[in-house]
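Here's the structure we're looking at; comments come further down.
FYI, it's all coordinate maths here, none of it is from the lab. What you are looking at is a predicted structure, and each value in this text was computed from that prediction instead of being measured. Cβ atoms come from the backbone with ideal geometry, glycine included; neighbour counts cover every protein chain shown.
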Amino acid sequence: MNKDIVFIVSEFPLVSQTFVVSNVVAAIKKGYDVQVLTSQLHAVAESAQKDIISTYKILDKTSCFTEPIKKKERYTLAFRYLLNPKTAYYFIKYAFLKKRKISLSDIFLINYYKPYRKAKVIHVHFADAATFITRLKKIGFLKSKMMITFHGYDAYFKNEKEQKGLRDKYKILFEVSDKVTINTPYLKEKVASLGCPSAILETIPVGIHTTYYKPTMYPKEIPSRNSRINLLSIGRLIELKGHRYGILAVKELVNKGYHPHYTIIGEGVLFQELTQLIKDLALEKNVLLYGKGTQEQVKEHLEQTAIFLMTSITNARGREEAQGVVTIEAQSMGVPVVGFDSGGVSYTVPEKNNRLVPQKDVSRLVEKIEDLIADKKNYQSMSIEARKWAVDRFDISHMIDNYYHNML
């Protein structure tokens, strides 16, 4: 079963990882024969891209690793696999490489990956999903070229001890990979500090379908001060996304006589906390926690949005945004971005459109919003530049070409 590209992810599909589906679809559109391998297969309803998954029949190209649960079945099946000389040979090599207790699961995994060992490219999204597959590459089981894409949390470390742990964990990964990609120079520094050789490390921003995220009315116009002003944020309701600061900004705008309506698309552990904050600030008419949104719903909201708020911050563990795909989606729709300067976010907005302020500085955030409302001409030029920036630099076709250049 020789495939052009075999994608490996820990879970699939996930609402928070639309870029994985987009990568698969873009590869299909380029004419590549693809396969998705995952350890946990979720219902399509848990994805924000149900229609696109159905249209391109991605689940037909997806396989989920399973193994027997009952002890007798596990031993019987493992013994049967080991009767195959090639499986037995590589299992022994794997056992010597691992140098610690092996399990029957290792045998099942080797057999699971056997049909894909001669794929042209194995592309792993998130480095922590690559531990087993890179060991198979190390022992010569896999003949494919190996590509690993870091997305942020998989390169995060809080202190020197955690950094050393990741350096040890990724040692083989960096030895056997033909290409390691990151999405911003910010993340590049993190991955390089973990021991990745510069020769295989390449910055390739995560792209989007700019032909899909295309506004019907363009350039956009900013409503007048006395009109309703639609603001939007997209992201899980977690500390990292900083939604509470967007809500506090809305309170300041209301106090200044503006009429903002702020929609937050996403779900998460801070739902109750943010709901209470909205209630305490008497903003029930101004702020909507929308919940999970499909790709179509996200686009509909962006169509109606005047300003996108990117409120991500450094969380308690010191983690920041690696890139921020939502800022690209917004700009592709001609929506200017105002937000906090966090991690790699600044690389997603053009310098002359930069409306990023220090993290958690709500008053400065409000000032930037006011500036856009007050200057309609400047707002329109920002809308035009935002769309052009997204198309020129972040269209997903560029990403695919750069991902697989010299790989296929």
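The alpha-carbon of Lys256 sits under 13 angstrom from the alpha-carbons of these aspartates and glutamates, leaving out residues fewer than 8 places away in its chain: Glu367, Glu370.
From the square roots a ≥ b ≥ c of the eigenvalues of the alpha-carbon gyration tensor of the stretch 228-394, which class results: rounded (a/c under 1.5), prolate (a/b over b/c), or oblate?
Rounded.
Helix 376-394 and the longest principal axis of the C-alpha atoms of the chain enclose an angle of approximately 10°.
Sites count as exposed loop sites when they are GluC sites (Glu not before Pro), lie in a DSSP loop, and have at most 14 other Cβ atoms within 10 angstrom; the longest stretch of the chain without one is 1-220. For the stretch 228-394, the Cβ-based charge dipole about the Cα centre amounts to some 80 debye (Lys, Arg positive; Asp, Glu negative; other atoms uncharged).
By the beta-carbon count within 10 Å of each Cβ, the least crowded to most crowded order of Val362, Val9, Val44, Val337, fewest first, is Val44, Val362, Val9, Val337.
Diagonalising the gyration tensor over the Cα atoms of the chain and scaling each eigenvalue by 5 before taking the square root yields semi-axes of 43, 21, 20 Å, largest first. Exposure proxy ranking for Ile148, Ile69, Ile102, based on other Cβ atoms within 10 angstrom of each Cβ and starting from the fewest, stands as Ile69, Ile102, Ile148. Hey, which of these cross-link pairs are over 31 Å Cα-Cα: Lys86/Lys179; Lys3/Lys50; Lys57/Lys101; Lys188/Lys368; Lys145/Lys292; Lys61/Lys101? Checking Cα-Cα distances, Lys57/Lys101; Lys145/Lys292; Lys61/Lys101 exceed 31 Å. Of the trypsin sites (Lys or Arg not before Pro) found in the stretch 324-408, those in coil by DSSP whose Cβ has at most 16 other Cβ atoms within 10 Å are Lys360.
Between amide H atoms placed 1.01 Å from N, distances below 5 Å from Val36 occur with Phe7, Thr62, Ser63, all of them 5 or more places distant or on a separate chain.
Mind listing the long-range amide H neighbours of Val287? Cut-off is under 5 Å, sequence gap 5 or more, other chains count too, H placed in the peptide plane at 1.01 Å from N. Those lying under 5 Å, H to H, from Val287 are Tyr262. Cα centroid separation, the stretch 1-78 to the stretch 296-358: 29 Å. The HN-Hα couplings worked out from phi for the stretch 4-21 by the Karplus form 6.51 cos²θ - 1.76 cosθ + 1.60 (θ = phi - 60°) are 5, 10, 10, 8, 10, 9, 5, 9, 7, x, 10, 5, 8, 10, 4, 5, 5, 4 Hz, whole numbers, x standing for Gly and Pro. Taking the 0 to 90 degree range and rounding to the nearest ten, how far is the long axis of helix 104-113 tilted relative to the main principal axis of the chain, both from C-alpha atoms? Tilt of helix 104-113: around 80 degrees. A helix-only calculation puts the chain at -12500 deg cm²/dmol for mean residue ellipticity at 222 nm, using -39500 (n - 2.57) for each DSSP H run of at least four residues, averaged over all residues.
Positive contributions from Lys and Arg (+1) and negative ones from Asp and Glu (-1), summed over other residues with Cβ under 10 Å from the Cβ of His243, come out at +1. Each peptide in 128-135, 33-40 receives the mean, over its residues, of other Cβ atoms within 10 Å, and ordering these scores from highest gives 128-135, 33-40. Secondary structure note: in the stretch 263-367, about 10% of the DSSP beta bridges are antiparallel. Dipole check for the chain: with +1 at the C-beta of Lys and Arg, -1 at the C-beta of Asp and Glu, and the Cα centre as origin, the magnitude is about 1880 Debye. Packing here is the average count of other Cβ atoms within 10 Å per residue, and on that basis the peptides 191-198, 204-211, highest first, run 204-211, 191-198. What you get for the stretch 1-139, charging only the Cβ of Lys and Arg (+1) and of Asp and Glu (-1), is a dipole of about 880 debye around the Cα centre. Taking amide hydrogens as placed 1.01 Å from N in the peptide plane, the amide H of Val357 sits under 5 Å from those of Gly339, Phe340, Asp341, each at least 5 positions away in sequence or on another chain.
If you keep only loop residues by DSSP, which trypsin sites (Lys or Arg not before Pro) in the stretch 1-101 have at most 11 other Cβ atoms within 10 Å of their Cβ? Sites meeting the loop and neighbour criteria: Lys57, Lys70, Lys99, Arg100, Lys101.
Counting other Cβ atoms within 10 Å as a rough exposure proxy, the listed residues Arg319, Arg225 run Arg225, Arg319 from fewest neighbours to most.
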